[in-house]
Amino acid sequence: MQPLFLALSYFAHLVATVIWIGGLISLTVFVWPETKRVLVDSPAIYDFLARLRKRFVPLTNFSLVVLVFTGFVQMSANKYYDGVLKLDNDWSRLLLFKHVAIFGMVICGLVLQYSVTPALERASILRERGKGDAAEWEKLRKREIRLTWVNVSLGLAVLGFTALMTAL
Ligand code: HEM
């Protein structure tokens, strides 16, 4: 494979990693805790969190597409790769574990995007109008935070398996 093409693939793979995993860690460690401290009694919290979701989610979906495409490029170019589900060396077994962790991240993302977020945004609109159930909003918000922390843990596992692969 052309070294320049492989280098471009690694570059895109790394940028997509920074956007997705970096974004998840920035949200959970910095943005959300400070948002809660500053906007705890302000109805602006609902709109602010909704805007963050609307900007971050399309970026994570795009990053996943880039990671899968460039991942297959890198996989097919790697000396340890012996074919689909050929797990005859440590590298390919680590790549399988990496894929299992990525699959977990995709499932978390789908539950967030198609179950938690729509319910949370409906509850937010009601809360913004001074209606709705504050406890219901808190419950959904806690579910969003919990699932995102699961995604952060799985993302760190992906990086861990990758580090072991790269060291081989
Ligand atoms: C959440 C998704 C993913 C993340 C965060 C991720 C992250 C990374 C990182 C940081 C590297 C190191 C690049 C370097 O050494 O410069 C890498 C390498 C690699 N990734 Fe991924 N990746 C993801 C998904 C995938 C997928 C879906 C595949 C395969 C289909 C894949 C296959 C590879 C391969 C083959 C390498 C090279 C490993 C080596 O040098 O031995 N990755 N990945």
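Counting only alpha carbon atoms, the long axis of helix 90-111 and the longest principal axis of the chain meet at about 20°. Note that the chain carries a Kirkwood radius of 17.7 Å, evaluated over its alpha carbons pair by pair.
The sum of -39500 (n - 2.57) across all DSSP H runs of n ≥ 4, divided by the residue count of the chain, sets its helix-only mean residue ellipticity at 222 nm to -26000 deg cm²/dmol. Taking the alpha-carbon centroid of each part, what is the distance from the stretch 148-168 to the stretch 52-110 in angstrom? That distance is 11 Å.
Per atom type, the stretch 43-114 shows carbon and sulfur on 72% of its accessible surface, probed at 1.4 Å.
Under a model in which nothing but the beta-carbon of Lys, Arg (+1) and Asp, Glu (-1) is charged, the chain shows a dipole of about 320 debye around its Cα centre. Contact order for the chain, expressed relative to its length and based on alpha carbon pairs under 8 Å spaced 6+ residues apart, stands at 31 percent. What does the C-alpha gyration tensor say about the overall shape of the stretch 62-115? Classify as rounded when a/c is under 1.5, otherwise prolate if a/b is larger than b/c, or oblate. Oblate shape, in that a/c is at least 1.5 and b/c is the bigger or equal ratio. The calculated FRET efficiency for residue 57 paired with residue 7, based on their beta-carbon distance and R0 = 35 Å, is about 0.75.
Label zone of residue 89 (point 7 Å out along Cα→Cβ, amide N under 17 Å): in the stretch 140-168 this covers 162-168.
Excluding same-chain neighbours fewer than eight residues apart, the lysines reachable from residue 142 by a Cα-Cα span under 16 Å are 36. Note that the chain presents 61 Å² accessible area per residue, ligands and nucleic acids not counted, probe 1.4 Å. Extension gain, residue 119 to residue 80, is 9.5 nm, computed as 0.36 nm per intervening residue step minus the present C-alpha separation.
Fully extending the segment from residue 168 to residue 50, taken as 0.36 nm per residue of separation minus the present Cα-Cα distance, adds 38.2 nm. Here the spin labels are modelled as points 7 Å beyond Cα on the Cα-Cβ line, and at residue 14 and residue 150 they lie 3.2 nm apart. Of 125, 21, 102, which is the most mobile in a GNM of the chain whose springs link Cα atoms less than 10 angstrom apart? Ranking 125, 21, 102 by mean-square fluctuation puts 125 first.
The values are calculated or read from the model by the stated rules, or taken from the named source; none is laboratory data. Predicted model, so just to flag it, every value in this text is computed and none were measured. Don't worry about glycine lacking a Cβ; one is built from the backbone with ideal geometry, like all the others, and counts go over all protein chains shown. Just the protein is used for accessible areas: all its heavy atoms, side chains included, with ligands, DNA and RNA removed. Shrake-Rupley method; radii C 1.70, N 1.55, O 1.52, S 1.80 Å.
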